[in-house]
Amino acid sequence: MIAPSRPSLRRAPVLAARPRRSAALARSFAAAALAASTTGCLVLEPPTYEHPERTAPVLTAAFPPQHIPVYIVEQQDSFKNFGATVLSEDNGTPLQGVLYIDYGRRSSDDTPFPLPFRRVTFPRVFPAGTMAGGQRPFELTWDLTTPIPAEGVTPEKECHTITMIASHAFNKCSCAADPDDMSSLTWQIIHCNPNEPTCPKSCPPLDCETTPCLFCDDPSLEDSCKNH
């Protein structure tokens, strides 16, 4: 007589383990579903962004080249353009620019109070820009219907400078309202026909020992601007 077969002892542990493994998988799926639902709530919140802080402008000369004197001949030119590029984070505030003739030389006695230049243009307003937008054009024009000072003797009457100033605001003296919020470029100007024998080929630097000088950061100038 053949004895009845016995159940395999090797399969019993495997069969017993299946319910435990299924329960563990169920718990894992439940935890994953809970994490996904929690993460989904966080993603729905809109991200917050801070406005970038406004920076001082930085000018880079483009034309004419700064190392070459610029000759201005009124019979040939009606205006002269001075170009640069500017880089700044304006945070929505427009940028402004002016040109000074002879910045650093105190104005003559015909002004109500001393100014740190002999002529100045009206501010030109430029749209606000960003650092991410890169450098952008910054061009100002000197209208020669506004005469360049011509008193004195050679080379004083022919030698001048034109200084470009960029800032977010100017005070009543046409100086940058905040000295830390500005950038400048200067060109050497020779106001005569270079073909004339008396026209200088170069100009000496500003000498404050022999010439009355005044600059925008002078405290006395700041007081004068507040009172007028």
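Readers should treat all values here as calculations from the given coordinates under stated rules, not as data from a laboratory. Here the structure is a predicted model, which is why all the values come from computation and not from measurement. Reconstructed Cβ throughout: ideal geometry from the backbone, glycine too, with neighbour counts over all protein chains shown.
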Item to check | Interchain or long-range residues, amide H under 5 Å from residue 183's placed H | outcome: 166
Checklist entry - Efficiency by 1/(1 + (r/R0)^6): what FRET value for residue 193 and residue 130, r their Cβ-Cβ distance, R0 = 41 Å, to the nearest 0.05? => result 0.40
Checklist outcome for this item: Amide H neighbours of residue 139 at under 5 Å, excluding residues fewer than 5 places away on the same chain, with H built from the backbone geometry, are 84
Checklist entry - How would you classify region 58-226 from its alpha-carbon gyration tensor, with a ≥ b ≥ c the square roots of the eigenvalues: rounded for a/c under 1.5, else prolate if a/b is greater than b/c, otherwise oblate? => result oblate
Checklist entry - What number comes out for the charge environment of residue 213, summing +1 per Lys or Arg and -1 per Asp or Glu over other residues with Cβ under 15 Å away? => result -3
Item to check | Table column - 3J(HN,Hα) (Hz), region 92-105, Karplus curve with 6.51, -1.76, 1.60, x for Gly and Pro | outcome: x, 8, x, 8, 10, x, 9, 10, 9, 9, 6, 5, x, 8
Item to check | Estimated vicinal HN-Hα couplings, Hz - region 111-116 in sequence order (Karplus 6.51, -1.76, 1.60; Gly, Pro = x) | outcome: 9, x, 8, x, 10, x
Checklist outcome for this item: With +1 on the Cβ of every Lys and Arg and -1 on the Cβ of every Asp and Glu, the dipole magnitude of region 58-226 about its Cα centre, in debye rounded to the nearest 20, is 360
Checklist entry - Around residue 95, which amide H atoms from residues at least 5 apart in sequence, or from another chain, sit under 5 Å from its own amide H, with H modelled in the peptide plane? => result 126, 128
